[in-house]
Amino acid sequence: MWKTVKKLDGVILFVLLLLMIMSVVAVYSGTRFDPKLDSHHVKTIYFYIAGFIAVIGIGLINYKLYVKYALLLYGIGILFLFLANVLGSKVNNANGWLKISESISFQPAELFKMILILFLAHLIVKRKRGELGFWRDVVPIGCWTFVPFALVMAQNDLGNALGYVVILVAVLWIGNIKLKHAIIGVTIIGAVLIGFIKSYTFYHEEVFTFLEKIKREHWAERIDPWLVPEKATAKAMWHTKNAGLAIGSGGITGKGFLEGTSVQSGRVPYTYSDSIFVVIAEEFGFVGASLLILLYFILIHRMVLIALGCKDRAGPIIIVGIIGMLLYQVFENVGAFLGLMPLTGITLPFISYGGTSLLINMACIGLVMSIKLYGDEDEDELLPEEQGPSLMQRIWSLVTQGKGKSHDVS
């Protein structure tokens, strides 16, 4: 077993260790002024210890086993999402947290990211090589993704719901979608996005009234500072405005650890979770923020190398899905405070405080480690019982054979 553990990617483990240090330091700085949060940095250490155990534990198990039983995992994940809709408690306007005890709770929407990646890989590797057919492959895969998307949207969690869409796009891309379908998809997404922006800015009052009726007015408070800052309320601008000022005041080297005036005064909310990038940028400046981005780059680079060295299709699909998930979270979180994206409440991977988010991200790295260990095995060993024709293909074969027999008799 020890020989197997030594084969794990040491660079990735070292990067995770550095991210842990940055996370603990930033969480401590972002919670020091609030006595109710003064133990969050200690909890982050505990979460990371559990996360490293998950990396090693999941990494030692052949990832093909996870792919084989992905349908079962999908069903369990959907059940958790449904329970979160019915029994979940509300945190920051999102009604998607299941309480295990008074002090322990988890967010099924975060867990389902990893499940969705495994399940989409399961669907793609079941078919033979070649480009994905639109009606045969793309549409069914999209429908499977729409189910959790709708459940999470019902929880009022736009950030995680959009994450599912990003995972879908990444998996379809690596799954060999046809170029014309990809162009059509990009065109539709672009047209919808442009149409949304134009409609939102032109019919802002009507949209805001509608959101108030469906009790989603906080969506406008997050979108207004991004699209129409001149029409945004002072409450809506408070978060992004103060965050932007804090980031800008950090300069090249920052104000110093525990010296961030905006962070330590509490002018920036959620500095331990959604706004933790502001803590790093104000107190450690451009240098600290650049170091964080560099660590993300190294992590993703190592994952790409592992994907390139994998012999079967499931491994690269899983890794690209994980990369898409992480890139979306990083770009959305950082971009929201730079005016590039709306504020959706997405956590910064491996840095923000949060047990569920961190453990799921670490578990995904465990999958990457498993691919490194077992990705050199032949693809035929993946799902041998499912490599045959599908039910619809067998029915179509019977129909065509029946036509051929009737022709011969005549």
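The values are calculated or read from the model by the stated rules, or taken from the named source; none is laboratory data. In this text, all values refer to a predicted model and were calculated from it rather than measured experimentally. Cβ sites come from the backbone with ideal geometry, for glycine too, and all protein chains shown count toward neighbours.
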With under 27 Å from residue 43 (Cα atoms), under 26 Å from the mean Cα position of the chain (by Cα) and among the hydrophobic types (A, V, I, L, M, F, W, C) as the only criterion, which of 281, 191 stands out? 281
Apart from one, (1) of a type in the set (Val, Ile, Thr); (2) surrounded by fewer than 20 Cβ atoms within 10 Å (Cβ to Cβ); (3) under 17 Å from residue 266 (Cα atoms) all hold for residue 31; the odd one out is (2)
On the basis of being surrounded by fewer than 15 Cβ atoms within 10 Å (Cβ to Cβ), touching a residue at least 12 places away in the same chain (Cβ under 8 Å) and closer than 30 Å to residue 285 by Cβ, does residue 38 make the cut? no
Mind listing whichever residues of segment 57-69 are surrounded by fewer than 23 Cβ atoms within 10 Å (Cβ to Cβ), in a helix (DSSP H, G or I), hydrophobic (A, V, I, L, M, F, W, C) and touching a residue at least 40 places away in the same chain (Cβ under 8 Å)? 58
Single match in 346, 371, 360 (criterion: within 12 Å of the chain's Cα centre (by Cα), part of a helix (DSSP H, G or I), of a type outside the set (Phe, Trp, Tyr) and at pLDDT 85 or above): 360
For the condition under 27 Å from residue 66 (Cα atoms), among the small types (Gly, Ala, Ser), part of a helix (DSSP H, G or I) and in contact (Cβ under 8 Å) with a residue 40 or more places away in the chain, what is the one hit in 121, 150? 121
State yes or no: is residue 154 farther than 22 Å from residue 327 by Cα and not charged (D, E, K, R)? yes
Single residue of 84, 54, 26 found to be of a type in the set (A, V, I, L, M), modelled with pLDDT of 90 or more, outside any strand (DSSP E or B) and within 27 Å of residue 170 (Cβ to Cβ): 54
From the list 192, 186, 165, which one is β-branched (Val, Ile, Thr), modelled with pLDDT of 85 or more, touching a Ser or Thr at 6+ places or on another chain (Cβ under 8 Å) and assigned to a helix (DSSP H, G or I)? 165
Of 345, 339, 324, which residue is under 18 Å from residue 120 (Cβ atoms), touching a residue at least 24 places away in the same chain (Cβ under 8 Å), surrounded by fewer than 24 Cβ atoms within 10 Å (Cβ to Cβ) and of a type outside the set (A, V, I, L, M)? 324
Inspect segment 243-261 for any residue being without any contact (Cβ under 8 Å) to a residue 60 or more places away in the chain and within 23 Å of residue 357 (Cβ to Cβ) and give the result as yes or no. yes
